[in-house]
Amino acid sequence: ELLRARQDAEKANQAKSNFLTTMSHELRTPLNAIAGYTELLMLEIAGPITDQQKEHLDRIEKSERHLLALINDVLNFAKIEAGQIKLDFRVANLSDVVTELETFIAPQLQSKSLRYRATTDPSLVVSTDREKVKQVLLNLLSNAIKFTSPAAAITVDARRDGDRIRITVQDTGEGIAADKIEDI
């Protein structure tokens, strides 16, 4: 009975892995098309574009890359469960990472008339997995935007705290339920 249960669990795990692999392929195909058409527009093959259009296309391109990274992260999550996750540690300037975030959240900030301020020390250079840090911060910022009343403020602060780096996302929203804080 135990052997059968183990075999069933292994089959289910394999089915999940197959599903994730198939879905990542199915999601990447339209993303590649979006990237290709965006690049063609940026090259002005269909005719000249305005500076504002270039700015919007740049945001589309960055969002496409971010979504592709999220798809890869879903696959990485499956690898975490299997004990096979790999982090890509490289030297990164956290000020650059934090500054880059605003590009992704600008439309949401604008739609709710939220003020956004990021304060970072330009000398915060660390060895980290830049994409994972960005993913965590975008998740926090998305939640902050979602739960913050219109015309309020959201801030990101990154600074040294002894031998650590502390990154804080702060908003004037309702906050996290006490029973969820430990899980988060």
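With every protein chain kept in place and ligands, DNA and RNA left out, what is the accessible area per residue of region 1-155? Probe 1.4 Å, answer in Å².
On the way: 10290 Å² over 155 residues.
For region 1-155, the per-residue accessible area is 66 Å².
In the chain, what percent of the accessible surface is made up of carbon and sulfur (1.4 Å probe, ligands and nucleic acids excluded)? Mind showing how you got there, number by number?
Details: 6940 of 12860 Å².
The nonpolar share, carbon plus sulfur, comes to 54 percent.
Magnitude of the Cβ-charge dipole of the chain, K/R +1 and D/E -1, about the Cα centre, nearest 20 debye? Its charge dipole is roughly 180 debye.
Over 27 Å between C-alpha atoms is what I'm after, so list which of K54/K112; K16/K146; K11/K180; K16/K132 land there. Working shown, then result.
Values: K54/K112 24 Å; K16/K146 31 Å; K11/K180 32 Å; K16/K132 23 Å.
With Cα atoms farther than 27 Å apart: K16/K146; K11/K180.
Taken over region 109-154, the percentage of Cα pairs per 10 Å bin, counting from 0 up to the bin with the maximum distance, is 23, 43, 27, 7. May I ask for log10 I(q)/I(0) of region 47-184 at q = 0.18 Å⁻¹, from a Debye sum over the Cα atoms as equal point scatterers with solvent left out? Debye curve over Cα of region 47-184, log10 I(q)/I(0) at q = 0.18 Å⁻¹: -1.23. Over region 110-184, with a single point scatterer placed on each C-alpha, what log10 of the ratio I(q)/I(0) does the Debye formula yield at q = 0.19 1/Å? Values, matching the q order: -0.92.
Taking trypsin sites (Lys or Arg not before Pro) across region 106-184, the ones in a DSSP loop with at most 16 further Cβ atoms lying within 10 angstrom of their Cβ are K112.
The residue among P48, A33, T22 whose Cα reaches farthest toward the positive pole of the charge dipole of region 1-64, with charges on the beta-carbon of Lys, Arg, Asp and Glu, is T22.
How big, on average over all directions, is the shadow cast by the Cα convex hull of region 6-118, in nm²?
Working: hull surface 41.7 nm².
Convex hull of Cα atoms, orientation-averaged projection: 10.4 nm².
The values are calculated or read from the model by the stated rules, or taken from the named source; none is laboratory data. This structure is a prediction, so every number in the text was calculated from the model and none was measured. Backbone-built Cβ (ideal geometry, glycine too); neighbour counts: all protein chains shown. Heads up: the accessible areas ignore ligands, DNA and RNA and are worked out on the full protein's heavy atoms, side chains in. Shrake-Rupley method; radii C 1.70, N 1.55, O 1.52, S 1.80 Å.
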